[in-house]
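Just below is one structure, and these are the notes that go with it.
All of the numbers you see were taken from the coordinates with simple rules; none came from a lab. From a predicted model like this one, the values you see are computed outputs, not experimental measurements. As a convention, Cβ positions derive from the backbone with ideal geometry for all residues, glycine included, and neighbour counts pool all protein chains shown.
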Amino acid sequence: MSIDAKILKLTSGEEIVCAVSNNPDKTHIVVAHPMKIHARPKVTVDGSMSESLSLHRWIHFSDTENFEVPKSQILTITNASVGLIKFYDYCIERMKKEDKELIYPTDEELDEIELEEEYEDFFDYSDTMH
């Protein structure tokens, strides 16, 4: 896939890696597939310190791939390293594959679950008497 990925440092302190699109709107930029960067220190086998990197969805529970970010919320934008781009590409492909494999309940199944919960609430009583 090889996306031209950028790293955005936001005023919130978050760092995200994403693809940045040109936007005619001067107040916002459009980012595609933004993922939040989590870097944590870890101790290696020989006792030295290194960083562990993980990427997570920046915005959860959304089917949208593109988001507008106000320019006022961006401190800086820089190019991602070759290694980060490869890892980002891998994460995006894996995320897309996992999304396709999700099985959502049908409306009938959701109705049945709702009825079961109502039934349980109605008959939820304790044997303890006060």
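Computed with the Debye formula from one identical point scatterer per Cα of the chain, without solvent, the log10 of I(q)/I(0) at q = 0.10, 0.12, 0.21, 0.23 Å⁻¹ comes to -0.53, -0.65, -1.26, -1.41. With helices as the sole contributors, the chain gives -9500 deg cm²/dmol at 222 nm; each DSSP H run of n ≥ 4 counts as -39500 (n - 2.57), and the sum is divided by every residue. Note on the range 5-122: lysine pairs with Cα distance below 13 Å, sequence gap of 8 or more or different chains, count 5.
I need the shape label for the range 62-116. Rule: rounded when a/c is under 1.5, else prolate if a/b > b/c, else oblate, with a, b, c from the alpha carbon gyration tensor. Oblate, since a/c reaches 1.5 and b/c is not below a/b.
Computed from Cα atoms, the angle from the helix 82-101 axis to the main principal axis of the chain rounds to 20 degrees. For helix 107-122, report the angle its Cα long axis makes with the longest principal axis of the Cα atoms of the chain; keep it between 0 and 90° and round to the nearest 10°. That helix lies at roughly 50 degrees to the long axis. Projected label points at Lys86 and Ile74, each 7 Å from Cα along the beta carbon direction, are separated by 2.7 nanometres.
Highest mean packing comes first when the peptides 89-95, 49-55, 28-34 are listed by Cβ atoms within 10 Å, giving 28-34, 89-95, 49-55.
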